[in-house]
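Can you keep this structure in mind? I'll have questions shortly.
The values are calculated or read from the model by the stated rules, or taken from the named source; none is laboratory data. Owing to the predicted nature of the structure, the values given are computational and were not obtained by experimental measurement. Cβ placement follows ideal geometry from the backbone for every residue including glycine, while neighbour counts extend to all protein chains displayed.
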Amino acid sequence: MHILSIPVEITWLIWLLPLAAFGIIAPLIRPFPGKTEPASYISIGAVLASLGLSIWVLLSVWQSPGHLITVPGFNWLAIGGGPQFSFGLLIDPLSAVMLLVVTVISLTVQIYSRAYMHSDPSYLRYFAFISLFTAAMLGLVMADNLLFMFVFWELVGLSSYLLIGFWFHRPPAVAAAKKAFLVTRIGDVGFLIAILLLYSKAGTLDITLLHSLALGGAISGAVLTWAALGLFLGAMGKSAQFPLHIWLPDAMEGPTPVSALIHAATMVAAGVFLVARMYPLFEAAPHVLTIVAVIGGFTAIFAATMGLVMYDIKRVLAYSTISQLGLMMLGLATGGVGVGIFFLFNHAFFKALLFLGAGSVNHATGTFDLRQMGGLRKALPWTFACFAIAALSLAGIWPLSGFFSKEAVLSSTLDKQPVLFGLALVTAFITAFYIFRVVFLVFGGEYRGNHELHESPKTMLLPLVLLAIPAVGSGWLNANGGFESLLGEGTTHSFWQGLTGLLAQPLPWFSLAAAGLGVLAAYAMYIPQWISAKQVKWTFRSLYAVFTRKYWMDEFYEGLIAGKVIYRGICSAFRWFDTFVIDGAVNGLAALTAGAGCLVRKAQAGQLQLYGLLIIAGVLALVLAMVLR
Amino acid sequence: MSVGLEYYLILSAALFSTGLYGALAKKNAIVILMCIEIMLNAANIALVAFSRFSTPAQMSGQLLVIFSIVVAAAEVSVGLAIIIAIFRHYKDINVSRINLLKW
Amino acid sequence: MGLNVAFWILAVTAFAGALAVVTMRSVFRAALGLILCFLAVAGLFFTLSADFLGAVQVLIYVGAIAVLVILAIMFTHEAECGNLSGKFKLPALLVATLFLGLAGWAMLATHWPASSAEGQLPTTAALGSLLFGQDGILLAVEIAALLLLAAIIGAIAIAREK
């Protein structure tokens, strides 16, 4: 099916173009350390082209019968007469939406990076890796079978590692990159187990085939449950759900545009995407869906509490991301693909905007510490405006996009999991509070630092403005139910009905109230200071301690798991084995040989009479033998 | 009773064993050489006895003994020369202490 | 009859001499025991109608070899090694007894082809013609001579003062 008679194979270019950009830029890193400009043009050009193609794809999918485009691929591996693995592209509404998100955010972040990373000596390396990441993420959302999805999944993880540890001469960055990779690896084990399980039981890894098999009941319930659990484990790793969330705050060591692209909008959304992609399997294993909901809901409030007490803007935003991802999982589990992906769609734009805004603030003040900012609304008006819009959207204030997506999640949760609904409502309050705490501490009051303040260059402001538009309006895409119906759920109704109709029901007012309370509380605490922050901190000091120490999760992981269980337990068992059994065997062999040698050496005593004795004794023995025969 | 072949052979065996014991057990190099001579003598006795009792006409045993004695003489001279050379070097003829062949 | 008596006396003497070599604590006395043994063996040769050999035995063994041995003993007198047994006393005893047993059994158990002819005396001429005469083994004699030459040269070379 094609529009304008363009063959559908052109979709391969969507991920091949950024890959080509990587291929062109990467070999130039060593020979041309100083020259910078062309690399960014190549990279941005590739992404722009991909964006164009993605828009075309979205329109095509809309008009295709069954909302599906399959692009046949090529045979990658055929083993004898047995298994065959091919790689093709599957473009359904889910992929089309994701393609749009990834390309738009990648484009805006790269434009922003031109200015932000301008003076960085590793400019070339930066754009090479960004292109690699974009290519991998695009491939991930288009892959038609789990095997290649896994390949791109790992590529995305690799790019994340490379970009978190971009400034590799900084030890904290190196440690953070390692932590990210290792923790997501734990999740990837689950993913791999799920793949193996599905392949051995269902005989195929093709996604559409798996869907029909799962819906048709051809795969047994136990297999589906374990496979879904494995897939969710992978999603937990990439999307930083509890208890695999510890890597995301540390990942803020990377450059801010990287945080915006990878750890706000796209890579962390890969986990949510995986669950959405394999949703029929989850539907067929409802217990797993409950687990998804519970973990999502818990993560949401868990992370939100930690975001309350951080002093580093990026850390607040990181915990916010974890919390919002939890809400996405909750939405997926209770409301279906439409609800979850709608939330993802909106979140990507305003979260990326928040991060880029934080980068802009850093560009002006040279720090990310909230305590050294204040009063920046006068010096950075554009940044302030965009950041505030994104904050309002995150908090879920009508009529911005965040309101609609949060609404959808809350209403579906109320139906299925009332307890989690309560938690989600509290989370909404905390979310509004912490983000406006940031807004008021950074932009309100008077400047507490001593830096030369100036607004960011136009190259950095343009993406902010570009992202502010969807931050405001992307929610309206579902006003007539079009978005959700595209993804298979929901009904269509008129635009105005969707925009205001919600306000006629009681539930949205609860969430608006929670959000409004949060904003008000933040205002009260930080602007006129009717409530003293210190007083609150003192009253809730034990809770405060728990929050700031991140529930002691890092100590748990590094001290207990890594330190005791793995290092002293498993590793020392292996070390004992290596020293005593393996080295013992090898050294023992040598000792044996030496010992045998020592023994045999005794025959060379240098004593003539010994030789004579042995000769005669030998002869006599021979004679005896012959005689006794 | 007449002394037959067996008597000489038993005597030869007895002398040989005595020489063998001495050659293997003694420390003094010269004594070892002496015991070797005893062994050679024992062999000579046996040869002559066989010659006398089995083939008296050909006297082949006696011929062999002539050559045996020649060889013994040559061997003793060279052996003693070696012992004297060793004595000059080590000032000692205790064979258990001359063990350069020890690995 | 006389031959029997002679045999027994000579046999005991030879054995005693050999024992003396092995058991005497003084090396010199051992050498004397050796001489006794050689003389007794010469006598035994005579009882076996090998008169030439008996003479040769006395001449060479007693006259040259035993003298050389005593010379060597005198020469290495400072070593004061004595005639003591080394570490292999017991194994050597074992081996020697074993050998005696085996050899003795072998010799007694075998039926030797015996000839009833008497030994012919004197043997010198007969031996001479056997060695040097027609169909003789002259080559062996020459080689023996070469051997002796080599031994002389070798002994001189080894024992020479540097």
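Yes or no: B:LEU40 within 11 Å of the chain's Cα centre (by Cα), more than 7 Å from chain C (Cβ to nearest Cβ) and either outside any helix (DSSP H, G or I) or in contact (Cβ under 8 Å) with a residue 12 or more places away in the chain (or both)?
Spelling it out, B:LEU40 is indeed within 11 Å of the chain's Cα centre (by Cα), more than 7 Å from chain C (Cβ to nearest Cβ) and either outside any helix (DSSP H, G or I) or in contact (Cβ under 8 Å) with a residue 12 or more places away in the chain (or both).
Follow-up question, since we're still on this one. Only one residue in B:LYS102, B:LYS27 is closer than 22 Å to A:ALA605 by Cα, facing another protein chain (nearest Cβ under 7 Å), among the charged types (D, E, K, R) and crowded, with 18+ Cβ neighbours inside 10 Å, so which one is that?
B:LYS27
Could you list, ordered by first residue, the pairs with Cβ atoms under 6 Å in which the first is in the stretch A:452-467 and under 22 Å from A:ALA265 (Cβ atoms) and the second is crowded, with 22+ Cβ neighbours inside 10 Å and of a type in the set (Ser, Thr, Tyr), at least 6 apart or interchain?
Note: pairs meeting the criteria are A:SER456/A:SER360; A:MET460/A:TYR112; A:MET460/A:SER360; A:PRO463/A:THR108; A:PRO463/A:TYR112; A:LEU466/A:THR108; A:LEU467/A:THR108.
What pairs come up if the first residue lies in the stretch A:348-363 and is in contact (Cβ under 8 Å) with a residue 40 or more places away in the chain, the second is outside any helix (DSSP H, G or I) and not hydrophobic (A, V, I, L, M, F, W, C), and their beta carbons are under 6 Å apart, counting only those six or more places apart or on different chains?
As it stands, the answer is A:SER360/A:SER456; A:HIS363/A:SER456, since those pairs meet every condition given.
Identify all residues within the stretch A:564-621 that are β-branched (Val, Ile, Thr) and away from chain B (no Cβ under 14 Å); write none if there are none.
A:VAL565, A:ILE566, A:ILE570, A:THR579, A:VAL581, A:ILE582, A:VAL586, A:THR593
Checking C:ALA40 against (1) closer than 29 Å to A:LEU620 by Cβ; (2) modelled with pLDDT of 90 or more; (3) within 7 Å of chain B (Cβ to nearest Cβ): exactly one of these is not met. Which one?
Checking C:ALA40 against (1) closer than 29 Å to A:LEU620 by Cβ; (2) modelled with pLDDT of 90 or more; (3) within 7 Å of chain B (Cβ to nearest Cβ), the one that fails is (3).
Of everything in the stretch C:94-119 that's in a helix (DSSP H, G or I), over 22 Å from the mean Cα position of the chain (by Cα) and among the small types (Gly, Ala, Ser), which residue is farthest from the other protein chains (Cβ to nearest Cβ)?
C:ALA109
Yes or no, residue by residue, for (1) over 24 Å from the mean Cα position of the chain (by Cα); (2) of a type in the set (Lys, Arg); (3) over 21 Å from A:VAL268 (Cβ atoms):
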residue	(1), (2), (3)
A:ILE186	no, no, no
A:ALA202	yes, no, yes
A:ILE207	no, no, yes
A:PHE232	no, no, no
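Go through (1) assigned to a helix (DSSP H, G or I); (2) farther than 30 Å from B:SER17 by Cβ; (3) more than 8 Å from chain B (Cβ to nearest Cβ) one by one and return the number of the condition C:ALA150 breaks.
In the conditions (1) assigned to a helix (DSSP H, G or I); (2) farther than 30 Å from B:SER17 by Cβ; (3) more than 8 Å from chain B (Cβ to nearest Cβ), C:ALA150 misses (3) alone.
Restricting to the stretch C:120-131, and then to whatever is touching a residue at least 24 places away in the same chain (Cβ under 8 Å) and facing another protein chain (nearest Cβ under 9 Å), can you tell me which residue is farthest from B:GLN62 (Cα to Cα)?
C:GLN120
Mind listing just one residue for me: the one in the stretch B:1-19 that is in contact with a Leu (Cβ under 9 Å, 6 or more places away or on another chain) and assigned to a loop (DSSP other than H, G, I, E, B) and, of those, surrounded by the most Cβ atoms within 10 Å (Cβ to Cβ)?
B:VAL3
Would you mind stating whether C:LYS162 is among the basic types (Lys, Arg) and facing chain B (nearest Cβ under 7 Å)?
No: the conditions fail for C:LYS162.
Inside the stretch C:124-147, can you point out the residues that are in a helix (DSSP H, G or I) and polar (S, T, N, Q)?
C:THR124, C:SER129, listed by residue number.
Continuing with the same structure: Considering every residue within the stretch C:79-89, establish whether at least one is more than 12 Å from the chain's Cα centre (by Cα), more than 7 Å from chain B (Cβ to nearest Cβ) and part of a helix (DSSP H, G or I).
no
Hey, could you check the stretch A:51-80 for residues that are among the small types (Gly, Ala, Ser) and farther than 13 Å from A:SER95 by Cβ and say which is surrounded by the fewest Cβ atoms within 10 Å (Cβ to Cβ)?
My answer is A:GLY80.
Further question: Got a sec? Which of B:SER68, B:SER77, B:SER17 is within 14 Å of chain A (Cβ to nearest Cβ) and at pLDDT 90 or above?
B:SER17
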